[in-house]
Every structure is written in structure tokens, then in C-alpha cells.
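Below: the structure, in C-alpha cells.
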Amino acid sequence: MIYCKNCGVELEENMSFCPLCGESTDEQTVKKERFEPVQPQTKEKLLSDYETLTQKQRRKLFWELSGIILASGIIVTLIINLIINKHITWSKYSVTVCLVILANTTLITFWRHRIFLLFAGSFVSTSALLILLDMYNLNIGWGIKLGIPFLFSFYFIFLVLVILLRISKQLGLNILACFFMAAGLFIICIEGIISLYTKNILHLHWSIIVMVCMFPVSALLLFMHYRLKKDIDLRRFFHI
């Protein structure tokens, strides 16, 4: 069995030209074991080109691809909505969500080292999403009274957690301990916000139980982290 050296199509013995690319088969055919397809070489070249990019260039490439995909989704949903309903109805939800995702992707791509600006911009864009969704549903009120307080408590706790982990000299089990404590605090905020929204009074019950359960687990993890860190410091001190 012989194959075209140019495109790899299987050829018969009496063929003078390749039926796919039109190349002459006089000196262009090789046996199967010697044929090297072009596609793997192309893939390897693309991978090698991507590996030569810096982290900043990779993030920018990801942002550009995300922008193209989101913009395409916005255009397609708008066109379909206009064709079916003659005016914009349901597509405003998908367009709003895509714009907020693009805003957050932009913040992460270009402001990833500016923690406060990153969290502030993400909070503002996501809050705008909740307000717009609330307006689309004839101002029900849950977006401002319930959604934004949830977002603020989440972003604030997560920001404090990131700052604590950044200033920590050694990371280990203390990461899990901080995450457990942060989750417990966020659960308390959830119950408090819900009670204020539904009963106009701050009432904490089940969230306190969850926080009490989180505290000993976090304390145990911090203790293990401290002992491991102390042992490592002693080994370094005695050059073991």
C-alpha cells in the first residue's frame, strides 16, 4: 500500500496523480511506515508556540478568546430574539450575564495583582447584575435587599482571607483552617441577612452551631501546622 507524500491519501498502484491534491505519483509516493502526516507537526508547532508565550501574553490571549466567545454569544442571542419576538425580551438576561462575565474576566486579566481594585470592581459589576435582574423582574427587591448584602459579606470575607494568606510566611494546613473559619463566618452572615430580610430582626441559630463545629477543626489544623513548622525550623537550625 502506498500513500501520497503531500497529503497522505491512500493510492492505488496504477494511479498517476493523487485524486485529492493532484500531485504526481511518480516520485511523491512512499510506503505507509515512512509517511509522516502534516497534522501532528502542526499541533506540535502550535504547542511549542504557546509554550514560548509569557504569563502576561497567555492571560491576554485567554481574555481575547473569552471576549470573542462572549461577544458571539451576545450577538447570536440578540439576533435569535429579534427574529422570534420582533423585539428584545429574554435575550437581555443572557446579554447582561455575558457583559458581567466579560467585566470580571477583564479585571482578573489586567488587575490580578491589585487585590483591592480587583475585588471592588468585581463586587460593583456583580452587584449591577443583581440590580438589573431585579429591574427586569419589575423591581421585586431581592437584588438590593438580599443579593447585594450576600455579595458584600462574601467579597469582604474572601478579601480578608486572601490578605491573611499573602502575609503568611509559610503556607500549609493553615490554609484549610482559614477556609473553614471563613466558611463559618459566611454562614453566619447568610443566616443574619436572611433573618433581617424576612423578619426584620437579627436572629442566629443554626449558623452558630455550624461555626462552633468549624472552630475545633480549624484549631486542630492550626496546631498541626504550628508543630510541623516548629519541627522544620528545628531541623534547619541543627542542619538536619
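No other residue among Ile163, Ile157, Ile175 is within 22 Å of the chain's Cα centre (by Cα), over 16 Å from Ser125 (Cβ atoms) and without any contact (Cβ under 8 Å) to a residue 24 or more places away in the chain apart from Ile175.
Here Lys169 does not fit the description of being more than 27 Å from Arg114 (Cα to Cα) and basic (Lys, Arg).
Within segment 57-74, restricting attention to residues that are in contact with a Cys (Cβ under 7 Å, 6 or more places away or on another chain) and of a type in the set (A, V, I, L, M, F, W, C), which residue is farthest from Ile101 (Cα to Cα)? Per the stated criteria, the residue is Ile74. Total residues in segment 91-122 satisfying the condition of being more than 16 Å from the chain's Cα centre (by Cα) and hydrophobic (A, V, I, L, M, F, W, C): the figure is 5. Of the listed requirements (1) touching a Leu at 6+ places or on another chain (Cβ under 6 Å); (2) surrounded by fewer than 16 Cβ atoms within 10 Å (Cβ to Cβ), Gly121 misses just one: (2). For segment 117-139, filtering for residues that are among the aromatic types (Phe, Trp, Tyr) and modelled with pLDDT under 90 leaves 1.
The values are calculated or read from the model by the stated rules, or taken from the named source; none is laboratory data. Fair warning: this is a prediction, and the values are worked out from it, not measured in the lab. Neighbour counts are summed over all protein chains in view; Cβ atoms, including those assigned to glycine, are modelled from backbone coordinates with ideal geometry.
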